[in-house]
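See below for the structure under consideration.
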Amino acid sequence: MQIFSTLFAHARGLPALPLAAALLLFLTPLFGATYGVSVASAMILGGAALLLWAKLALAPDTIDSWLMAVIGVLTLFAPLLLGFGAFSSWAFLVHLIAGITIAAVAGYDLVRQRKAPKPETTPDASDGAGQAT
């Protein structure tokens, strides 16, 4: 039950936007008006974004924000790369909205991480490796 409370606590404010975008993308095939490659793209990219969002909520790491940005950019360009943008306007619109949202929040998170103060290290007398203060 602790996992669910942690996930739901993280699903507020700005971190909730990628969750909503990934859910919209993942559930797009249920709305209809999508077929073939657009269904596979929505399920794979939406599922990957959902899993990565859950990992970010439970154990955040710097690489996760980069991966979320890559998923956002892939989602944004998937209709053009896979060739379904001209045939399914609904799938194109959902991929566009989800890609922009996921990439923008991941970019904001990367900028915020870059500006965060880093812990200073002091030399440790016993092994000389340094220890965070």
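Please treat every number below as a calculation from the coordinates, not as lab data. For clarity, every value in this text was computed on a predicted model and none was experimentally measured. When we count neighbours, we look across all protein chains shown, and the Cβ atoms used for this are built from the backbone with ideal geometry, even at glycine.
Structure notes:
- Annotation: peptides 94-106, 54-66, 15-27, ranked by per-residue average of other Cβ atoms within 10 Å with the highest first, follow the order 94-106, 15-27, 54-66.
- In percent, rounded to a whole number, the relative contact order of segment 21-115 is 34, using alpha-carbon pairs under 8 Å and six or more apart.
- With the simple model of a label 7 Å out from the Cα in the direction of the Cβ, Ile100 to Ala16 spans 2.1 nm.
- Computed over segment 21-115, the ratio Rg/Rh where both radii use C-alpha atoms and Rh is Kirkwood: 1.01
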